[in-house]
Amino acid sequence: LFDRAELAPADPILGLTEAFNADARPEKVNLGVGVYLGEDGKLPLMASVREAEERLVAQRKPKSYLGIDGMPAFREAVRGLIFGTEAQVLADARVATVQSLGGTGALKVGADLLHQLDPEATVLISDPSWENHRALFTRAGFKVEAYRYYDPEAKGIDFDGLLEDLRAAEPGTIVVLHACCHNPTGYDLSLEQWDQIVAVLDERGLVPFLDMAYQGFGFGIAEDGAVVAKFVASGQDFLLSTSYSKSFSLYGERIGSLSVVLGSADSAKRVLSQLKITIRTNYSNPPTLGAALVATVLTDPDLRASWETELGGMRSRIKELRQVLVDGLAARGIQDMGFIAGQLGMFSYSGLTKDQMVALRTEHAVYGLDSGRMCVAALNTGNLDRVAGAIASVRSK
Ligand code: PLP
Ligand code: TYF
């Protein structure tokens with residue numbers, strides 16, 4: 001039987017980290033995986049999260065099972081964060097929300113639900129998108145295609161192409177959209193452009209699946225979440241996956257949520273029952289710690305304020321790092337990479353070619369993706385000069 005198992009290629013992003021770890025050069029820099037690192041080059045434990053964990057440990061609670069859909073206090077808190085505590089759609093009980101194993105788990109539970117309801121539907125993802133979008137929806141049984149998004153000439157979004165591709169999609173097509181901080185390009189739609197997208201999705205009877213993995217890393221928590229309210233206001237059904245991996249620096253706790261917004265409380269009840277079957281037959285119920293930490297931070301006023309300040313600090317530091325990189329490149333005669341400063345979130349689509357990215361890795365021990373994507377959130381004052389020098393060097397060849 002197992003002779004039939006072929007050797008699968010490594011995940012293009014996580015596989016790079018393995019290569020990085022095996023690299024003996026002390027000056028190496030990992031700009032591959034999307035992880036925010038502090039000035040010391042290490043993964044931060046946020047003070048608000050640490051305090052919440054200390055309080056939880058002090059309680060010495062027994063470790064019972066959670067419900068299939070997760071911790072009620074967590075679901076309540078994140079629904080407030082995503083939709084607004086006073087949102088009418090919540091009061092109307094039109095949202096089905098489950099706790100998930102990170103943003104990835106939310107996408108997979110959502111994909112499984114959709115596949116059960118409409119196995120013939122096509123899924124559209126952005127060109128380019130997070131690598132795992134294609135793999136995950138393909139594995140869930142869907143045919144996956146792409147809509148135009150990035151325009152390399154304009155260093156921005158091909159908005160006309162995007163609209164055209166959405167208008168041409170069959171009704172019932174599932175459209176995966178990055179709510180903010182587009183991975184990998186760093187280019188987001190303006191609010192006016194979102195209005196047009198929301199309208200086209202509605203008119204064409206498409207099924208929006210918003211993926212929000214970086215809330216708070218673009219312009220702010222409320223600003224980055226504004227697109228959610230636009231979808232709610234449009235009255236169409238949609239799915240929303242969220243991740244707290246980055247915004248709470250809780251990568252390994254695997255904490256996220258999936259919400260499905262529907263037209264009636266009855267639909268929400270039926271959909272929730274189906275989501276629970278998907279979860280039950282995969283991993284029964286989710287783990288507790290990440291949910292308890294996020295719920296504690298969001299509901300305690302002091303911890304909440306501290307978390308918002310810390311997240312704001314990460315956001316503004318990334319912006320500074322972008323600018324220092326642009327300045328460092330300019331000082332080395334590279335004048336045409338100023339766009340890095342204006343991109344949003346953790347990533348920069350640098351425009352470097354695959355050959356240049358390989359040269360960065362082999363000659364300079366600077367690891368980024370072959371697509372040219374670099375995680376600017378892993379830069380610090382200690383490695384910025386080297387990275388700028390390395391980019392300038394591969395550009396001059
Ligand atoms: N969606 C996007 C666009 C991402 O960049 C990520 C990154 O990790 C995820 C989903 C998955 O989030 P998580 O690590 O919480 O599973
Ligand atoms: O794009 C990234 O780097 C992050 C982290 O299979 C990640 O989203 C990368 C690959 C993967 C899971 C998470």
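Being without any contact (Cβ under 8 Å) to a residue 12 or more places away in the chain and of a type outside the set (A, V, I, L, M) is the filter; apply it to segment 167-198 and report the residue that is nearest to ligand 1 (Cβ to nearest atom). Step through it out loud before you land on a result.
Our first condition is that a residue be without any contact (Cβ under 8 Å) to a residue 12 or more places away in the chain; within segment 167-198, this holds for 168, 190, 192.
The next check asks that each one be of a type outside the set (A, V, I, L, M); those that pass are 190, 192.
On the way: SER190: 19, GLU192: 23 Å.
Result: SER190.
This table checks each residue for (1) of a type in the set (Val, Ile, Thr); (2) more than 16 Å from ligand 2 (Cβ to nearest atom); (3) farther than 30 Å from ALA291 by Cα.
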residue: VAL175; (1), (2), (3): yes, yes, no
residue: ASN183; (1), (2), (3): no, no, no
residue: GLN193; (1), (2), (3): no, yes, yes
residue: GLN196; (1), (2), (3): no, yes, yes
residue: ASP202; (1), (2), (3): no, yes, yes
residue: ASP211; (1), (2), (3): no, no, no
residue: ALA222; (1), (2), (3): no, yes, no
residue: GLY225; (1), (2), (3): no, yes, no
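Condition first: acidic (Asp, Glu) and part of a helix (DSSP H, G or I). Now tell me which residues in segment 327-354 satisfy that. Before you say what the answer is, go through the steps one by one.
The first filter runs over segment 327-354 and keeps only residues acidic (Asp, Glu), leaving 327, 336.
The one that is acidic (Asp, Glu) and part of a helix (DSSP H, G or I): ASP327.
I'm trying to understand the selection: among the residues of segment 230-261, which are within 12 Å of the chain's Cα centre (by Cα) and outside any strand (DSSP E or B)?
Listed by number, the residues that qualify are TYR244, SER245, LYS246, SER247, TYR251.
Select, from ARG317, ARG270, the only residue that is surrounded by 15 or more Cβ atoms within 10 Å (Cβ to Cβ), away from ligand 1 (no atom under 16 Å from the Cβ), of a type in the set (Lys, Arg) and part of a helix (DSSP H, G or I). Lay out the reasoning, then the answer.
Working: ARG270 fails: surrounded by 15 or more Cβ atoms within 10 Å (Cβ to Cβ).
Selected residue: ARG317, the only one of ARG317, ARG270 that is surrounded by 15 or more Cβ atoms within 10 Å (Cβ to Cβ), away from ligand 1 (no atom under 16 Å from the Cβ), of a type in the set (Lys, Arg) and part of a helix (DSSP H, G or I).
Does segment 228-242 contain any residue that is more than 30 Å from ASP195 (Cβ to Cβ) and in the same structural domain as SER100 (by TED's automatic domain parsing)?
As a first pass, look at segment 228-242 and keep what is more than 30 Å from ASP195 (Cβ to Cβ): none.
No, segment 228-242 contains no residue that is more than 30 Å from ASP195 (Cβ to Cβ) and in the same structural domain as SER100 (by TED's automatic domain parsing).
What about VAL227, is it out of contact with any Lys or Arg (no Cβ under 9 Å at 6 or more places or on another chain), in a helix (DSSP H, G or I) and surrounded by 15 or more Cβ atoms within 10 Å (Cβ to Cβ)? Break it down into steps so the answer makes sense when it comes.
Values: out of contact with any Lys or Arg (no Cβ under 9 Å at 6 or more places or on another chain): yes; in a helix (DSSP H, G or I): yes; surrounded by 15 or more Cβ atoms within 10 Å (Cβ to Cβ): yes.
Criteria met by VAL227.
Within segment 320-342, track down each residue that is among the acidic types (Asp, Glu) and either buried (at least 16 other Cβ atoms within 10 Å of the Cβ) or within 18 Å of LEU31 (Cα to Cα) (or both). Write out each step before concluding.
Applying the first criterion (among the acidic types (Asp, Glu)) to segment 320-342 yields 320, 327, 336.
Residue satisfying the conditions is GLU320 alone.
Inside segment 13-128, counting only helices (runs of 4 or more DSSP H) that do not spill past its ends, which hold 2 or more residues that are more than 29 Å from ASN183 (Cα to Cα) and in the same structural domain as SER243 (by TED's automatic domain parsing)? Break it down into steps so the answer makes sense when it comes.
Numbers: elements: 14-22, 47-59, 72-83, 88-91, 102-117.
Qualifying helices (runs of 4 or more DSSP H): 72-83, 88-91.
Would you point out the residue of segment 147-194, among those that are assigned to a loop (DSSP other than H, G, I, E, B) and among the polar types (S, T, N, Q), that is farthest from ARG322 (Cα to Cα)?
THR173
For segment 350-397, what are the residues that are in contact with a His (Cβ under 9 Å, 6 or more places away or on another chain) and under 25 Å from MET314 (Cβ atoms)?
Answer for segment 350-397, where residues must be in contact with a His (Cβ under 9 Å, 6 or more places away or on another chain) and under 25 Å from MET314 (Cβ atoms): ARG386, VAL387, ALA390, ILE391.
Is there any pair with a first residue in segment 247-271 that is touching a residue at least 24 places away in the same chain (Cβ under 8 Å) and a second that is within 13 Å of ligand 2 (Cβ to nearest atom) and in a strand (DSSP E or B) whose Cβ atoms are under 6 Å apart and which are 6 or more apart or on different chains, and what are they?
GLY256/SER243; LEU258/SER241
Within segment 201-218, is there a residue that is at pLDDT 95 or above, surrounded by fewer than 18 Cβ atoms within 10 Å (Cβ to Cβ) and in contact with a Lys or Arg (Cβ under 9 Å, 6 or more places away or on another chain)? Even if it seems obvious, please write down each step before you answer.
Looking only at segment 201-218, we keep the residues that are at pLDDT 95 or above, and these are 201-218.
So of that shortlist, the ones also surrounded by fewer than 18 Cβ atoms within 10 Å (Cβ to Cβ) come out as 202-205.
Next, only the ones that are in contact with a Lys or Arg (Cβ under 9 Å, 6 or more places away or on another chain) stay: 203-204.
Yes, that holds for at least one residue.
The values are calculated or read from the model by the stated rules, or taken from the named source; none is laboratory data. In this text, all values refer to a predicted model and were calculated from it rather than measured experimentally. In this analysis, Cβ positions are derived from the backbone assuming ideal geometry, glycine residues included, and neighbour counts consider all displayed protein chains.
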